[in-house]
């Protein structure tokens, strides 16, 4: 890395550290987003994103959201990205700091944050899904694959702990881990994603469905009346972490014969009243990652009940009235995977 880039990265980290110490991690992430909006690295200010809600005709507590986000389809092109892999490390991994200056032509800077004994870099997404869309990438180049499948990956219990730790520091935001073949677009490097809740739209559909699911003591609650099977824990961060971590290790042992086909979405957020954490575990089959007739991947945001559409065909279906509550329910149901088997 060039001295100028190192200095710019260091100066930004000093500034954001002061913001975090004074006002918390949310303020630091907002400042990081503002920095990259002003620099032009973030290519979409979300002003052209179209968002709609679709309700069950007989029960308005059951609903899904759609966002039509055409610029999201450009995300794999990066923000002025260079692809000079022959002089970059880890085969040009887009989330390794050694490559970021070259590939993003010095336009992207990150903020180092810690979780236990692990370091991460907070990086803005140039084509965000929602405000303050942050990629929290491991400083170390380790795979996104969980330890059930790859010994080099983090254990599912550790992934849950880190998701909870970040969510506890970011009220008003949702943190999620997309497993390999469960929405992860960069499977070679461990990362979480974080987004701010939509302005005044209230909780996500999964959160509403989970309100009466339990999960405050002992084992998880199980979400009913939702097209995906989901386990949920609720309570103080340390308690949720301990109970969920213990459960997922035992779950892995019970399901070891099917683990080769399993991935997961792990989602954490501060409770709506600001007290405690809500953590979700949604198993996913690797062979059912993309439903028929849908242009995108089913990742953490879709699991929460917000379906991201980005193609012209998606827009045509949306405008023609060919998308409704039941179409969206079928999209999610098509990737539903049992938490336990017979």
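The values are calculated or read from the model by the stated rules, or taken from the named source; none is laboratory data. These numbers come from a predicted model, not from an experiment. Backbone-built Cβ (ideal geometry, glycine too); neighbour counts: all protein chains shown.
Of all the numbered requirements in (1) farther than 19 Å from residue 67 by Cα; (2) buried (at least 16 other Cβ atoms within 10 Å of the Cβ); (3) touching a strand residue (DSSP E or B) at 6+ places or on another chain (Cβ under 8 Å), residue 205 misses one, and that requirement is (1). Name every residue in region 25-42 that is in contact (Cβ under 8 Å) with a residue 24 or more places away in the chain and either in a helix (DSSP H, G or I) or over 20 Å from residue 9 (Cα atoms) (or both), in order of residue number. Answer for region 25-42, where residues must be in contact (Cβ under 8 Å) with a residue 24 or more places away in the chain and either in a helix (DSSP H, G or I) or over 20 Å from residue 9 (Cα atoms) (or both): 25, 26, 28, 29, 30, 32, 33, 35, 36, 39. Does region 74-92 include one or more residues that are within 23 Å of residue 47 (Cβ to Cβ), modelled with pLDDT under 85, under 17 Å from the mean Cα position of the chain (by Cα) and surrounded by fewer than 19 Cβ atoms within 10 Å (Cβ to Cβ)? Among the residues of region 74-92, at least one is within 23 Å of residue 47 (Cβ to Cβ), modelled with pLDDT under 85, under 17 Å from the mean Cα position of the chain (by Cα) and surrounded by fewer than 19 Cβ atoms within 10 Å (Cβ to Cβ), which makes the answer yes.
Only residues that are under 29 Å from residue 274 (Cβ atoms) and part of a loop (DSSP other than H, G, I, E, B) were counted across region 226-258, and they come to 6. Across region 208-222, the number of residues qualifying as under 26 Å from residue 53 (Cα atoms), in contact (Cβ under 8 Å) with a residue 24 or more places away in the chain and buried (at least 20 other Cβ atoms within 10 Å of the Cβ) comes to 2.
Only residues that are touching a residue at least 60 places away in the same chain (Cβ under 8 Å) and within 20 Å of residue 95 (Cβ to Cβ) were counted in region 138-154, giving 2. When residue 327 is tested against (1) surrounded by fewer than 20 Cβ atoms within 10 Å (Cβ to Cβ); (2) part of a loop (DSSP other than H, G, I, E, B), exactly one condition is not met: (2). Count of region 4-24 residues, restricted to those that are assigned to a helix (DSSP H, G or I) and farther than 23 Å from residue 105 by Cα, is 7. Checked against the criterion of being farther than 25 Å from residue 330 by Cα and not in a helix (DSSP H, G or I), region 284-307 has no qualifying residue.
Restricting to region 43-71, and then to whatever is free of Cβ contacts under 8 Å to residues at least 12 places away in the same chain and assigned to a strand (DSSP E or B), can you tell me which residue is farthest from residue 14 (Cα to Cα)?
Looking at the filtered set, the residue picked out is 59.
In region 109-130, the condition of being in contact with a helix residue (DSSP H, G or I) (Cβ under 9 Å, 6 or more places away or on another chain), within 21 Å of residue 242 (Cβ to Cβ) and at pLDDT 95 or above is met by no residue.
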